[in-house]
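Just so it is clear, none of the values below were taken in a lab; they were calculated from the coordinates. Note that the structure is a prediction, hence the values are computed from the model and not measured. In this analysis, Cβ positions are derived from the backbone assuming ideal geometry, glycine residues included, and neighbour counts consider all displayed protein chains.
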Amino acid sequence: MRVLFVCLGNICRSPMAEAVLRMKINKAHVADKIVVDSAGTGDWHIGDPPHQGTQQQLAASGISFEQIKARQIKQKDFKEFDRIIAMDRQNEKDLLKMAGKSYQNKVSRFMSLLHDQPQKDVPDPYYTGRFDEVYDLINRGTDQLLQDLLKQIK
């Protein structure tokens, strides 16, 4: 099972989700069955590490982000990944446009994992500075995602 998180620049939300889910996958001892990555729809930050705010939030939670570098989504990702999870509605629209009809069923929005949340998007902390709020949403959403993935791989 292969999961790809996607946000705009791949330095705040999607790398945070990648790091958090990877830590949970490792704790569940299923790293050989579930692979996680992240990408951005834009190309501004290719090769950059996560945003300083993302790094600080992950470090405070004891979560490694060492090997995460920003990259832009590629057409081959739609074939290689089983789930492509957009962090907001605009990312989702962009991904659905890129995916074409044959891969649209792989694309979903992160907030669909959190049924108790009225908001539709994971807010972008690049603009808000609220990395703690984003971490809380991602932490809860990845718990649900991991439960779903574990059911699928068994």
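The table that follows gives values for the structure above.
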item	result
Computed E for residue 117/residue 148 - FRET, C-beta separation, R0 22 angstrom, nearest 0.05	0.85
Options 107, 142, 91, ranked by Cα towards positive dipole end of segment 2-153, top entry (Cβ charges)	107
Cα-projected label distance for residue 90 with residue 66, points at 7 Å along beta-carbon direction, nm	3.5 nm
Over segment 2-153 - Rg/Rh using Cα atoms and the Kirkwood inverse-distance radius	0.93
Cleavage-rule hits, GluC sites (Glu not before Pro), segment 1-92, DSSP coil, Cβ neighbours within 10 Å at most 14	66
Partners for residue 97 among lysines (Cα-Cα distance below 21 Å; same-chain residues under 8 apart left out)	74, 76, 79, 106, 120
Helical contribution to [θ] at 222 nm, DSSP H n ≥ 4, -39,500 (n - 2.57), averaged over the chain, rounded to 500	-13500 deg cm²/dmol
Kyte-Doolittle at least -1.0, axis length at least 24 Å by Cα - qualifying DSSP helices, the chain	131-153
Loop-located trypsin sites (Lys or Arg not before Pro) in segment 79-145 whose Cβ has at most 16 other Cβ within 10 Å (DSSP)	101, 120, 130
